[in-house]
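Undergrad: Got a structure for you, questions after.
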Ligand SMILES: [Zn+2]
Ligand SMILES: [Zn+2]
């Protein structure tokens, strides 16, 4: 199969894929991959296969195709293709919760000496890197990466990238418990979809609705949370987007739990768990176990709650997600206190304090904690995070922590 025919067949696959005939599209592309003699075409068709498998949640296949892309790029000795290959590898590892690998792949991308083409990918690289740091609960570096990604998005007028970064920012502020910002950023993403997204894939709309829903739930606006989550789920079902379906199911379960309706919560946690296991989202699985544990706590069933917490801890430890471990120790502490088991209680307190220290979740001005309750936060351009109210009393110029100048608040 020569260059022209390869190109035609790739286009044919794309048309099928866009009209939701995914299986047929995959058949066409796989055939191109076997038959083509054009390395550039091979690279492109691998890219199509990567996108499709990513959306289906088939991350191991995605990883395999990313590695094939890197091999092809090496044969062609093309630095731009090589950067793109590594970006796809980073994304595959991110989806598989291999966050340390993601960070190292991203660094490889950023160190590559490509042309302006690969420089345009830098924004996406920074986004993936930010997501990986967030997966490891390294909040400051995550913010720093998101800030860079946003700058690339603005400089290149890349609204899709901006939309994705806004969703990730929503996610980080959920974890830091600044729920006002956690809602602001996905709302911004939804606005971008409305203003510019007529030709975009509906998944952008679905993504922003999902992140809005989580923020609404945290703000205890449960009917709004339900509405956004239903909208997101509808699109995820239409598109066969398994990863988003899993997230929506988890969020539905959490909404029902917030309403103290654990009869409705449990089956949704179970459905979410099926998909999370199928796609290999271990962080999602850990979050489900946390939710299930909280349900058992509502019933004061301590043994079952502890069992769930242990599963969450194993997963979180494997991934390296410190925030999830902190939550496990915090909840376990409460249980052992209620049970009057002093020795176990002490062990959990020690582990909890260790997590707090490692997470460095405190305000550089007042020294009080960040992320313990809903409080407005402000990150400076250096990405140091403070209570908004503390910064407002600061008066002087420069960051109180690292003394870098410019008090102009960053994008985040
Ligand atoms: Zn403070
Ligand atoms: Zn600073």
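Read-outs throughout are calculated quantities, based only on the coordinates presented, and are distinct from any laboratory measurement. This is a predicted model, so every value here is computed, not measured. Reconstructed Cβ throughout: ideal geometry from the backbone, glycine too, with neighbour counts over all protein chains shown.
Undergrad: Using only Cα atoms, find the angle between the long axis of helix 342-359 and the longest principal axis of the chain, and express it within 0 to 90 degrees, rounded to the nearest 10.
TA: Rounded to the nearest ten degrees, it is 50.
Undergrad: Using a 7 Å offset from the Cα along the Cα-to-Cβ direction at both residue 238 and residue 14, what is the distance between the two label points in nm, to one decimal?
TA: 2.2 nm
Undergrad: So, one more: For the range 281-361, just say rounded, prolate or oblate: build the C-alpha gyration tensor, square-root its eigenvalues into a ≥ b ≥ c, call rounded for a/c under 1.5, and beyond that prolate if a/b exceeds b/c, oblate if not. Display every interim value, and only then the final one.
TA: On the way: a/c = 2.19, a/b = 1.11, b/c = 1.97.
It is oblate, given that a/c is not under 1.5 and a/b is not larger than b/c.
Undergrad: Helix-derived [θ] at 222 nm for the chain: sum -39500 (n - 2.57) over DSSP H runs of at least 4, divide by residue count, nearest 500?
TA: -25000 deg cm²/dmol
Undergrad: Here's a follow-up. Quick check for you: which residues of the range 37-62 have the amide N under 17 Å from the point 7 Å beyond the Cα of residue 4 toward its beta carbon?
TA: 37-38, 41
Undergrad: Would you mind calculating the relative contact order of the range 281-361 from Cα pairs under 8 angstrom and at least 6 residues apart, reporting the percent as a whole number?
TA: Relative CO of the range 281-361 lands at 26 percent.
Undergrad: Give me the log10 of I(q) over I(0) for the range 259-409 at q = 0.17 Å⁻¹, as the Debye formula computes it from C-alpha points; what are the numbers?
TA: -0.99
Undergrad: Using only the Cα atoms of the chain, build the gyration tensor, take square roots of its eigenvalues as a ≥ b ≥ c, and label the shape rounded, prolate or oblate: rounded if a/c is under 1.5, else prolate if a/b is larger than b/c, else oblate.
TA: Values: a/c = 1.85, a/b = 1.41, b/c = 1.31.
Cα axes put the chain in the prolate bin.
Undergrad: Could you check which residue among 290, 161, 237 shows the biggest mean-square fluctuation in a GNM of the chain with a 10 Å Cα cutoff?
TA: Comparing 290, 161, 237 in a Gaussian network model of the chain, the most mobile one is 237.
Undergrad: Among 94, 11, 230, which one moves the most in a GNM of the chain with springs linking Cα atoms closer than 10 Å?
TA: 11
Undergrad: Further question: So if I average 1/r over every pair of distinct C-alpha atoms in the range 1-91 and take the inverse, what Kirkwood radius in Å does that give?
TA: The Cα-based Kirkwood calculation yields 12.9 Å.
Undergrad: Let me ask something else about it. Expressed as a whole number of Å, what is the distance separating the alpha-carbon centroids of the range 254-296 and the range 186-225?
TA: That distance is 21 Å.
Undergrad: Now for a separate question. Compute the long axis of helix 302-319 from its Cα atoms, compare it with the longest principal axis of the Cα atoms of the chain, and write down the angle in degrees, 0 to 90, nearest 10.
TA: Taking Cα atoms only, the helix is inclined about 40 degrees.
Undergrad: So how do 195-206, 72-83, 167-178 stack up, highest first, on mean other-Cβ count within 10 Å?
TA: Values: 195-206: 15.2, 72-83: 17.8, 167-178: 22.4.
Top of the packing list down: 167-178, 72-83, 195-206.
Undergrad: Cα gyration tensor of the range 61-108, axes a ≥ b ≥ c as square roots of the eigenvalues: rounded (a/c below 1.5), prolate (a/b > b/c) or oblate?
TA: Note, shape of the range 61-108 comes out oblate.
Undergrad: When only Cα pairs under 8 Å and 6 or more residues apart are kept, what is the percent relative contact order across the chain?
TA: Dividing the mean separation by the residue count of the chain yields 10 percent.
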